[in-house]
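Chemist: Following this message is one structure expressed as structure tokens.
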Amino acid sequence: MIELVIACFIGILIGTTTGIIPGIHVNTAGAILFASSNFLLSQVSPEFLCVLMVSMSIAHALTEFVPSMLLGVPQEGTATSILPGHRMVLQGRSKEVIRIVCVGGFGAIIVTILMLPIFSILLPILHDISKPYTWMILLVASVYLTYSLTANFRDFLWSLLLFVLSGTLGWIIFQSPISSGVTLMCVFSGLFGISTILFSLNDSSTIPHQNPFYELNIDYDKFKSIFAGGITGAILGFLPGFGPAQGTVIAQAVSGANDNDDDDTVNFLLATSGLNISDCLFSLIAIYIIGNPRSGIAVYMSYLISEMSMNHLVIFIFASLLAVSVSLALSLKIGDSFSRLMNGVDYKKLSIGVILLQIMILYVFIFYYKAPLGYMTLALITSTAMGMLPHYIGIGKSHLMGVLIIPAIVIYFQMFI
């Protein structure tokens, strides 16, 4: 048992490291571990490696919110939360925003574990029934949520247009033979990262003094948002074609939060961080309940352990609880350290530095995977320009998640029609 606890802490260390480095995905570390598994398995058990991967995945999912909130660097699970989080940082509320996403993630994983017996019965049935209709569910939900999250018909038309345009961009770039890790990094950096920071520069934003005091009282609405994030993330872990991209707008609707409304920003961030962590856990648990790995880390685990038992499930849940608890403390510590460092920092220089860092990391991966330089540069410029539009039009950036949703609709339509 002690060796599994050691594996858990090693995974937390790796996941925290990948989480705070902008642009590094946890699947990259998972791929390296899996590629080394022949050697590692001569030293440790398959359960050791799997516990390491589970804790690494959970730690990364929680810690990645720190650079996303404070520096505006996107991952798939944090992309839509960047704008409201960035807005709070520019209000001097960086300590508060870090605590919001940490509480949301921690609370949601507790909710999902407590609800696991119910999910184990209902979700496999839901998975089997919904699979042929995934494209239809995605289409109807996208149109409905686009309409419900806009204030008027003019905003609805703009939102729908941006949803379709971003989806077209996603379909074009994902049809290329280039590694999906590089293409995802490219479009997310442009749509949600670089564009947000560029707009802040254009708006002559400055980093104010970061308030050392914060107030976060968990009332009914906040608990509802945490619960919505946990439930939504669990459902996403089973439904084919659904991920954080689709879950964000669903969690918004369930929690009643809106990323454009300052009064609802806290609830929005609680729901978003909650669904990201919950989806991370359930994508792993799906191996046991429906026999279908739903993430890169889950795929690696399914190769290491051919038959998942109840004992494995209990061990992984324990590892998840330990990982999210330790990662909560680490994220708060790291976030507070970042917050102190931001005091007195020249915002323009910091923003330019973050943009250059994102571009540098992106091109390192472009050269590593031997992706066409001109094609990726054009994709980055296009996605950045598209990511600027919501700021000037005055609508939420969550509609740009069409970059993943529309390709999913097309793929599942082709599969079942």
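The values are calculated or read from the model by the stated rules, or taken from the named source; none is laboratory data. Just so you know, these numbers come straight off a predicted model, no measurement behind them. Glycine gets a Cβ as well: all are built from the backbone with ideal geometry, and neighbour counts include every protein chain shown. Calculation scope for accessible area: heavy atoms of the full protein, side chains included, ligands and nucleic acids excluded. Shrake-Rupley method; radii C 1.70, N 1.55, O 1.52, S 1.80 Å.
Chemist: From the residues in the range 95-111 that are in contact with a helix residue (DSSP H, G or I) (Cβ under 6 Å, 6 or more places away or on another chain) and closer than 12 Å to Phe65 by Cβ, which one is most open to solvent (accessible area, probe 1.4 Å)?
Modeler: For the range 95-111, the residue satisfying everything is Phe106.
Chemist: Going through Ile10, Ile58 one at a time, which residue ends up being open to solvent by less than 40 Å² (accessible area, probe 1.4 Å) and at pLDDT 80 or above? Give the derivation first.
Modeler: Working: Ile10 fails: open to solvent by less than 40 Å² (accessible area, probe 1.4 Å).
Just one listed residue meets the conditions, Ile58.
Chemist: Answer yes or no as to whether Ile361 is at pLDDT below 85, within 29 Å of Asn152 (Cβ to Cβ) and within 21 Å of the chain's Cα centre (by Cα).
Modeler: It is false that Ile361 is at pLDDT below 85, within 29 Å of Asn152 (Cβ to Cβ) and within 21 Å of the chain's Cα centre (by Cα).
Chemist: Counting only residues that are over 21 Å from Gly181 (Cα atoms) and of a type outside the set (D, E, K, R), which one in the range 393-406 is surrounded by the fewest Cβ atoms within 10 Å (Cβ to Cβ)? Before the answer, list the steps.
Modeler: Of all residues in the range 393-406, those over 21 Å from Gly181 (Cα atoms) come to 393-397, 399.
If we keep only those that are of a type outside the set (D, E, K, R) too, we end up with 393-396, 399.
Details: Ile393: 14, Gly394: 11, Ile395: 23, Gly396: 24, His399: 29.
Ranking the qualifying residues of the range 393-406, first place goes to Gly394.
Chemist: Among the residues of the range 31-55, count how many are assigned to a helix (DSSP H, G or I), small (Gly, Ala, Ser) and either more than 25 Å from Ser309 (Cα to Cα) or modelled with pLDDT of 85 or more (or both).
Modeler: 1
Chemist: Pick from the range 133-164 the residues that are open to solvent by 50 Å² or more (accessible area, probe 1.4 Å) and in contact with a helix residue (DSSP H, G or I) (Cβ under 7 Å, 6 or more places away or on another chain): which of them is nearest to Val403 (Cα to Cα)? If you could, list the steps in order and put the result at the bottom.
Modeler: If we filter the range 133-164 for residues that are open to solvent by 50 Å² or more (accessible area, probe 1.4 Å), which is where we start, we get 133, 136-137, 139-140, 143-144, 147-148, 151-154, 157-158, 160-161, 164.
Filter once more, keeping what is in contact with a helix residue (DSSP H, G or I) (Cβ under 7 Å, 6 or more places away or on another chain): 137, 139, 147-148, 158, 160, 164.
Working: Ile137: 17, Leu139: 13, Tyr147: 18, Ser148: 20, Trp158: 15, Leu160: 12, Val164: 8 Å.
Ranking the qualifying residues of the range 133-164, first place goes to Val164.
Chemist: Show me the helices (runs of 4 or more DSSP H) found entirely inside the range 180-241 where at least 1 residues are touching a helix residue (DSSP H, G or I) at 6+ places or on another chain (Cβ under 8 Å), modelled with pLDDT under 75 and of a type in the set (Val, Ile, Thr).
Modeler: The helices (runs of 4 or more DSSP H) meeting that bar are 220-236.
Chemist: Among the residues of the range 155-170, is any part of a loop (DSSP other than H, G, I, E, B) and within 20 Å of the chain's Cα centre (by Cα)? Reasoning before the result, please.
Modeler: Going residue by residue through the range 155-170, those that are part of a loop (DSSP other than H, G, I, E, B) are none.
No: the range 155-170 contains no residue that is part of a loop (DSSP other than H, G, I, E, B) and within 20 Å of the chain's Cα centre (by Cα).
Chemist: If I go through the range 112-125 residue by residue, how many of them are of a type in the set (A, V, I, L, M) and open to solvent by less than 70 Å² (accessible area, probe 1.4 Å)? So that I can check it myself, show each step before the final result.
Modeler: The initial filter retains those residues of the range 112-125 that are of a type in the set (A, V, I, L, M), namely 113-116, 118, 121-123, 125.
Filter once more, keeping what is open to solvent by less than 70 Å² (accessible area, probe 1.4 Å): 113, 115-116, 123.
Number satisfying all stated conditions: 4.
Chemist: To continue, here is another question. Cβ-Cβ below 7 Å, separation at least six or inter-chain, first residue in the range 368-392 and surrounded by 13 or more Cβ atoms within 10 Å (Cβ to Cβ), second at pLDDT 90 or above and part of a helix (DSSP H, G or I): which pairs?
Modeler: Thr382/Leu169; Ser383/Leu169; Met386/Leu165; Met386/Ser166; Met386/Leu169; Leu389/Leu162; Pro390/Leu162
Quick grid of which residues meet (1) over 22 Å from Gly107 (Cβ atoms); (2) at pLDDT below 75; (3) open to solvent by 20 Å² or more (accessible area, probe 1.4 Å); (4) charged (D, E, K, R):
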{"residue": "Asp261", "(1), (2), (3), (4)": "no, yes, yes, yes"}
{"residue": "Asp264", "(1), (2), (3), (4)": "no, yes, yes, yes"}
{"residue": "Phe268", "(1), (2), (3), (4)": "no, no, no, no"}
{"residue": "Thr272", "(1), (2), (3), (4)": "no, no, no, no"}
{"residue": "Ile285", "(1), (2), (3), (4)": "no, no, no, no"}
{"residue": "Tyr288", "(1), (2), (3), (4)": "yes, yes, yes, no"}
{"residue": "Pro293", "(1), (2), (3), (4)": "yes, yes, yes, no"}
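Chemist: Separate question: Are any residues in the range 311-351 buried (at least 20 other Cβ atoms within 10 Å of the Cβ) and at pLDDT below 80, and if so, which ones?
Modeler: Phe338, Ser339, Ser351
Chemist: What pairs can you find where one residue is in the range 128-141 and in contact (Cβ under 8 Å) with a residue 40 or more places away in the chain and under 9 Å from Tyr412 (Cβ atoms), the other is open to solvent by 40 Å² or more (accessible area, probe 1.4 Å) and outside any helix (DSSP H, G or I), and their Cβ atoms are less than 9 Å apart, with a gap of 6+ or different chains?
Modeler: Trp135/Ile417
Chemist: Let me ask something else about it. Would it be correct to say that Ile297 is out of contact with any Leu (no Cβ under 8 Å at 6 or more places or on another chain) and either closer than 30 Å to His127 by Cα or modelled with pLDDT under 90 (or both)?
Modeler: Judged against the criteria, Ile297 is not a match.
Chemist: Testing Ser180 on (1) within 19 Å of the chain's Cα centre (by Cα); (2) within 26 Å of Gly85 (Cα to Cα); (3) surrounded by fewer than 23 Cβ atoms within 10 Å (Cβ to Cβ), one condition comes back false. Which one is that?
Modeler: Against the list (1) within 19 Å of the chain's Cα centre (by Cα); (2) within 26 Å of Gly85 (Cα to Cα); (3) surrounded by fewer than 23 Cβ atoms within 10 Å (Cβ to Cβ), Ser180 comes up short only on (2).
Chemist: Going by what's in this entry, would Val410 be described as outside any loop (DSSP other than H, G, I, E, B), over 30 Å from Pro212 (Cα atoms) and open to solvent by less than 40 Å² (accessible area, probe 1.4 Å)? Can you show your working first?
Modeler: On the way: outside any loop (DSSP other than H, G, I, E, B): yes; over 30 Å from Pro212 (Cα atoms): yes; open to solvent by less than 40 Å² (accessible area, probe 1.4 Å): no.
The answer is no for Val410.
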